[in-house]
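These notes are about the structure you will find just below.
The values are calculated or read from the model by the stated rules, or taken from the named source; none is laboratory data. Worth saying up front: this structure is predicted, and the values here are computed from it rather than measured. We place every Cβ from the backbone using ideal geometry, glycine too, and count neighbours over all the protein chains shown. Heads up: the accessible areas ignore ligands, DNA and RNA and are worked out on the full protein's heavy atoms, side chains in. Shrake-Rupley method; radii C 1.70, N 1.55, O 1.52, S 1.80 Å.
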Amino acid sequence: MSENDNKTAQNSAELATKYDPKAVEAKWYKYWETHRLFHSEPDGREPFCIVIPPPNVTGILHMGHALNNTIQDILVRRARMEGKNALWVPGTDHAAISTEAKVVAKLASEGIKKTDLSREEFLSHAWDWTHKYGGIILQQLRKLGASCDWERTAFTMDDIRYRSVIRVFVDLYRKGLIYRGVRMVNWDPQALTALSDEEVIYKEEQSKLYHLRYKVEDDPEGRYIVVATTRPETILGDTAVCVNPNDERYTWLKGKRVIVPLVGRSVPIIMDEYVEMDFGTGCLKVTPAHDINDYMLGEKYNLPSIDIFNDNGTISEKGGIYIGMDRFDVRKQIMIDLDAKGLVEKIEDYVNKVGHSERTDAVIEPKLSTQWFVRMADLAKPALEGVENDEVKFVPSKFKNLYRHWMTNIKDWCISRQLWWGQQIPAYYLPDGSFVVAETPEEALDLAREKSGNPSLSADDIRRDPDCLDTWFSSWLWPLSLFNGILEPDNEEIRYYYPTTDLVTAPDIIFFWVARMIIAGYEFHGQKPFNNVYFTGIVRDKLGRKMSKSLGNSPDPLDLIDQYGADGLRMGLMRAAPAGHDIMFDESLCEQGRNFCNKIWNAFRLVKGWKADSEIEQPETAKLGIEWFSNVLNRTLAEVDDLMKKFRISEALTAVYKLFWDEFSSWYLEVVKPAYSQPIDQKTYDETLRFFDVLLRLLHPFMPFITEELWQHLAERRDGESIMYAQLPKDEEYSAEIISDFERLKEVVAGIRTIRLKRQIPNKQPLKLLVKGDADSRLDTIIRKMGNIDTIEKCEEKPATAASFIVGGAEYMIPLENSIDKEEEIKKLEAEKKRFEGFLAGVRKKLANERFVANAPEAVVALEHKKESDALAKLAAIETALAALK
RNA sequence: GGGCGAUUAGCUCAGCUGGUUUAGAGCGUCUGCCUUACAAGCAGAGGGUCUGCGGUUCGAAUCCGUAAUCGCCCACCA
């Protein structure tokens, strides 16, 4: 490959006028990979490490991934170029619920029911599925340019990670931090499993508040009370009605019983202050089996609990009626039946929040069941402290509040899932119903024999818990388990790479994952898992809506790469993505990125097209241009360094963007550019290539492909070398004065160009420039070149027909043959005069204020004085210009 | 119900230890250019008084308070 490319590099005329990412990206990615340039092993250098937030193994790349992984890649690539031993570890997550759901659906389409399969058979289908679809997303990450060390690709269910999870479970159990118990849990009737609190998403929904009549038992007057509920189907499980004891409307009910409609069950009236008197009717039906609050009331008053639902959300035998019907169908039917009996008082519109499963979106059913839990309160303490004292730094820091709130109100974590796809809980039940917890079946048997006092117990006598662990129970170990830090806590890799450097993730998994990793880090390794957490924003569409499959508003990142190139997509995403702020994504952002690639490409074509000649003397313009640009370059290097340290990545990219486009292309290249088909002097040529080299290095973390491509055209290199390892210059000095002098020059040139535009003077026609007043002539040669000025002269009297503009304290004039529009000139000058008079008045007001002069720092006062004198000079120039006109 | 964040140009956003010229960028708009690196481009122009009100300060887009609007997170009100 290099032979061919080097040939094209010899002659830029062969480079296309447009950059074509397709031809370049695949080639370089392969080059990087085959030369193992992403690979890292422990050595003497300072480590820099990021672990990828493992995407769902069967998932595909979406915009959130694109953003998140671009940021990680930028950080890793930059670290490499700073001389660090940079490692980015990739991997995927087994995503228990969603993968199992996909496999179940696939089997169903083949007419196979999960219940007909053994656990082993099902798992073999699941592994087939994982191997077939797994890792697609990792291929997609390659398209994005992600410089992951693929040799280290891990999976939350592979051997090391599986065993790590089991070891941790046993460890926590033995520490008394894992327990098994009956609790009200969030049940997903579609996935048929319990969920943790974090996996429930509450959505506001338009629903109804049904007012139902419950007859008072044996009441001679035939009175009834009205109960308000959003879930009439649950009356099948009612075991009481509750009112507030202070509610005078209902004191007559004390000690009475009411009849549950349709089912005809007699239930007691209980009195508890939990009931709000002013909500609904003030009467609350109590269904201990299907509502967390009712459950607590049931416990308190010793009420029976009737579980009227099957696991799949249909009515169970215990419901008595509607057996086998779906809960939502029952809701409709029961209202018809109640209405027929005259038991419906009224139906109101009502907005309430309904819990949905994060994975399946099914409406969650609160359900009593036996599950495994992690006791969190003590585990959370060191993790809370670590973030509070910035040992783990959050960027932006506002997420500390969120974290603190969650950590200080942390609930026990329900970790068992009624699934097969995942790490099976290592608990083994004895014939008597008690259990032991152990890493292996052998160990479990030993423990069981010991516990039962029966040495003849065999493996067949003990039964392993069929449930699996929550996926997050494996991903919370990720920064440790990737380096085998759980099974071998003192190995070389974990010692070298842990704690990792940065974690990049979206804020919506701060509790699911980030908080728990921090907890796990302190608990299982005595150390934080990472130094910094960078929270990205959420990618939204132009209208601010979250991107989602159902809305169809999410572009496919691969399509975008196809259209704009990976660099274009990366650039577009990053320009709009400050930390922690959601980004309103618009394809025009990618267009900008693509255009920028093209700009770089064409700047390169220009430079490579020059013929250098060592016989030619370096012109003054080039000398001055080089002096100026190297200062601007150094200033930007420092600026970018500072911004990157603060994770202000989009600002850093903006700085680089402007440096390349505005300063380098629009000014520097134009200043040093030789006349058409003329050779350039060797010195300027070499300097320009040097600048280009530094610019490419600076750009590389953001735009890896085009920079690698051009870097290889720039200079000869050996096979296996890459810009990836070219080092960034650091701590270069610059002069602010040289830069500001050039800024003034830009104003002068812009002034000349404006006059040309307004007067319709072609750029080709050379002009004469007259200068009146105090002006530095050091950069005059550049003014000549950039403004196409043939002579610059000092002058005292303004010619009658000269158009003019003012920069600093000097007036610049272009004598014109045809007369000028006096009125317009005067108007313009008057406006400018007014502006500066206002400005001057402000400055003088400050300076006249004794307290300002006394209190403000010296430098600030000096600056005000400088502003004053500058404004005075400018005003004087304006005045003389006006006088000359009038 | 609690908490957090936002409100700056037509749009999307910078401006994060108060003073760097009475606010910057990109996109869009307007004007003139196919000037042999780039029309995916070049050269220019216009456009905001920083959501309202009050305060602190010599000085406020920046700090404090308050109101309004929007967004997010958390919470067991049927």
Checklist entry - If we keep just the residues of segment A:574-611 that are of a type in the set (D, E, K, R) and part of a helix (DSSP H, G or I), which is farthest from the chain's Cα centre (by Cα)? => result A:K608
Next on the checklist: Going residue by residue through segment A:293-301, is there one that turns out to be outside any helix (DSSP H, G or I), open to solvent by less than 40 Å² (accessible area, probe 1.4 Å) and closer than 24 Å to A:K215 by Cβ?
Outcome noted: no
Checklist entry - Quick check, is A:R575 touching a Ser or Thr at 6+ places or on another chain (Cβ under 8 Å), near RNA strand B (Cβ under 8 Å from one of its atoms), within 24 Å of A:P507 (Cα to Cα) and open to solvent by 40 Å² or more (accessible area, probe 1.4 Å)? => result yes
Next on the checklist: Among the listed residues A:K332, A:K341, A:K346, A:K285, identify the single one that is touching a strand residue (DSSP E or B) at 6+ places or on another chain (Cβ under 8 Å) and open to solvent by 70 Å² or more (accessible area, probe 1.4 Å).
Outcome noted: A:K346
Next on the checklist: Need pairs with beta-carbon distance below 8 Å; first residue farther than 15 Å from A:V749 by Cα and within segment A:663-681, second part of a loop (DSSP other than H, G, I, E, B) and of a type in the set (A, V, I, L, M, F, W, C); sequence gap 6+ or separate chains.
Outcome noted: A:P674/A:W610; A:P679/A:W610; A:P679/A:I616; A:I680/A:W610; A:I680/A:I616; A:D681/A:I616
Item to check | Among the residues listed as A:L141, A:L87, A:L107, the single one being free of Cβ contacts under 8 Å to residues at least 40 places away in the same chain, of a type outside the set (V, I, T) and touching a helix residue (DSSP H, G or I) at 6+ places or on another chain (Cβ under 9 Å) | outcome: A:L107
Checklist outcome for this item: Of those in segment A:357-416 that are more than 15 Å from RNA strand B (Cβ to nearest atom), in a loop (DSSP other than H, G, I, E, B) and of a type in the set (S, T, N, Q), the residue least open to solvent (accessible area, probe 1.4 Å) is A:T360
Checklist entry - For segment A:737-778, how many residues are in contact (Cβ under 8 Å) with a residue 40 or more places away in the chain, open to solvent by 60 Å² or more (accessible area, probe 1.4 Å) and not acidic (D, E)? => result 6
Checklist entry - Residues in segment A:472-491: is at least one closer than 28 Å to A:L192 by Cα, open to solvent by 50 Å² or more (accessible area, probe 1.4 Å) and not β-branched (V, I, T)? => result no
Checklist outcome for this item: Residues of segment A:286-326 being of a type in the set (F, W, Y) and either within 13 Å of RNA strand B (Cβ to nearest atom) or within 13 Å of A:E233 (Cβ to Cβ) (or both), in sequence order, are A:Y295, A:F309, A:Y322
Item to check | segment A:250-285, residues that are in contact with an Asp or Glu (Cβ under 6 Å, 6 or more places away or on another chain) and within 9 Å of RNA strand B (Cβ to nearest atom) | outcome: A:M277, A:G282, A:K285
Checklist entry - Residues in segment A:234-251: is at least one under 22 Å from A:G319 (Cβ atoms) and either among the basic types (K, R) or surrounded by fewer than 19 Cβ atoms within 10 Å (Cβ to Cβ) (or both)? => result no
Item to check | Selected residue [open to solvent by less than 30 Å² (accessible area, probe 1.4 Å), modelled with pLDDT under 90, under 30 Å from A:M376 (Cα atoms) and of a type in the set (G, A, S)] from A:G537, A:G544 | outcome: A:G537
Checklist entry - If you take the residues of segment A:649-664 that are more than 27 Å from A:D502 (Cα to Cα) and open to solvent by 10 Å² or more (accessible area, probe 1.4 Å), which of them is farthest from RNA strand B (Cβ to nearest atom)? => result A:E663
Checklist entry - Does A:F852 satisfy the condition of being under 23 Å from A:V748 (Cα atoms), aromatic (F, W, Y) and surrounded by 12 or more Cβ atoms within 10 Å (Cβ to Cβ)? => result no
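Here's the yes/no breakdown for (1) in contact (Cβ under 8 Å) with a residue 12 or more places away in the chain; (2) more than 53 Å from the chain's Cα centre (by Cα); (3) crowded, with 16+ Cβ neighbours inside 10 Å:
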| residue | (1), (2), (3) |
| --- | --- |
| A:I814 | yes, yes, yes |
| A:E824 | no, no, no |
| A:R835 | no, no, no |
| A:V843 | yes, no, yes |
| A:E858 | no, no, no |
| A:K866 | no, no, no |
| A:A876 | yes, yes, no |
